[in-house]
Amino acid sequence: MTRTLRTALTGTLIAAGLLAAAALPQPVAAAPLSAEDRADIARVEQYFNDITSMRSSFLQASSTGNVAKGTVWLRRPGRMRFEYDPPSPILITSDGTLITYQDLELKQTNQIPLFSSPLSMLVDDDVKFGDELIVEEVRKESNVLRITVRQRSEPGQGYVTLVFQDRPLSLKQWTIVDAQQVSVKVALLDPEFGVTIANELFRPRDFGKPGDEVGR
């Protein structure tokens with residue numbers, strides 16, 4: 001059977017938290033937030049808003065047993081690049097407006113608006129929970145802080161649980177749960193912040209030009 005862009009991308013993109021999953025279960029009503037919860041949320045908002053750029057290798061693992069590695073680059077506002085290591089042919093880029101999904105073997109491309117991705121929060125111009133981003137839960141244990149959020153306008157896109165080292169505050173991983181209750185964890189292995197990233201890195205591959213290496 002011929003492999004299509006959708007079959008090549010769906011598991012990877014939902015796993016990374018970048019593709020909207022359809023018909024997700026309705027979220028359980030959020031518990032009231034305590035004063036301590038709100039203080040932690042404010043710390044996380046400030047943490048994200050202080051980030052200008054980041055580069056990190058990552059390890060992605062799902063509850064179905066699939067494992068992938070790669071490198072992620074972020075630059076606020078709006079820029080992302082997820083490049084998966086071989087044998088995965090997937091490249092994901094965001095130019096601030098659109099997220100572009102590409103299968104480099106099939107030379108196929110698909111795009112969705114950046115705002116429709118659950119993880120657009122990582123590169124928002126101003127990260128602010130409580131408006132578009134609804135905090136479902138704040139949980140602390142040992143030196144770990146977990147915050148589960150969803151988008152108010154697109155509740156069917158799923159839930160993102162952000163996991164931080166608490167003190168000092170540092171993003172370590174995120175977890176996505178899809179409609180089938182398949183969970184996928186993306187762990188940052190060696191994040192570097194404030195790095196210089198060329199604009200070209202956030203451009204998709206141009207398959208119309210033989211041998212073109214745009215974005216590589």
Could you do me a favour and compute the accessible area per residue for segment 75-157, 1.4 Å probe, result in Å²? 45 Å²
List, in order, the whole-Hz ³J(HN,Hα) value for each residue of segment 98-107 obtained from phi through the Karplus relation with A = 6.51, B = -1.76, C = 1.60 and θ = phi - 60°; use x for Gly and Pro. 10, 9, 10, 9, 9, 9, 6, 7, 7, 6
Ordered by number, the chymotrypsin sites (Phe, Trp or Tyr not before Pro) in segment 43-83 that occupy a DSSP loop and have at most 15 other Cβ atoms within 10 Å are none
Extension gain Val144-Ser170, at 0.36 nm per residue separation less the Cα-Cα distance, in nm? 8.4 nm
Gain on full stretching of the segment that runs from Ile112 to Ser183 - 0.36 nm per residue minus C-alpha separation: 23.3 nm
Carbon/sulfur accessible area of segment 80-193, % of total, 1.4 Å probe, equals 47 percent
Of every Cα-Cα pair in segment 85-161, the percentage lying beyond 14 Å is 68 percent
Please give the per residue volume of the convex hull enclosing the alpha carbon atoms of segment 32-164, rounded to a whole number of Å³. 134 Å³
Rank Gln108, Gln46, Leu98 by how far each Cα sits towards the positive end of the charge dipole of segment 34-168 (+1 on Lys, Arg Cβ; -1 on Asp, Glu Cβ) and give me just the farthest. Gln108
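The values are calculated or read from the model by the stated rules, or taken from the named source; none is laboratory data. Remember, it's a predicted structure, so these values are computed and weren't measured experimentally. Cβ atoms come from the backbone with ideal geometry, glycine included; neighbour counts cover every protein chain shown. Protein only, heavy atoms only, side chains kept; ligands, DNA and RNA dropped before computing areas. Shrake-Rupley method; radii C 1.70, N 1.55, O 1.52, S 1.80 Å.
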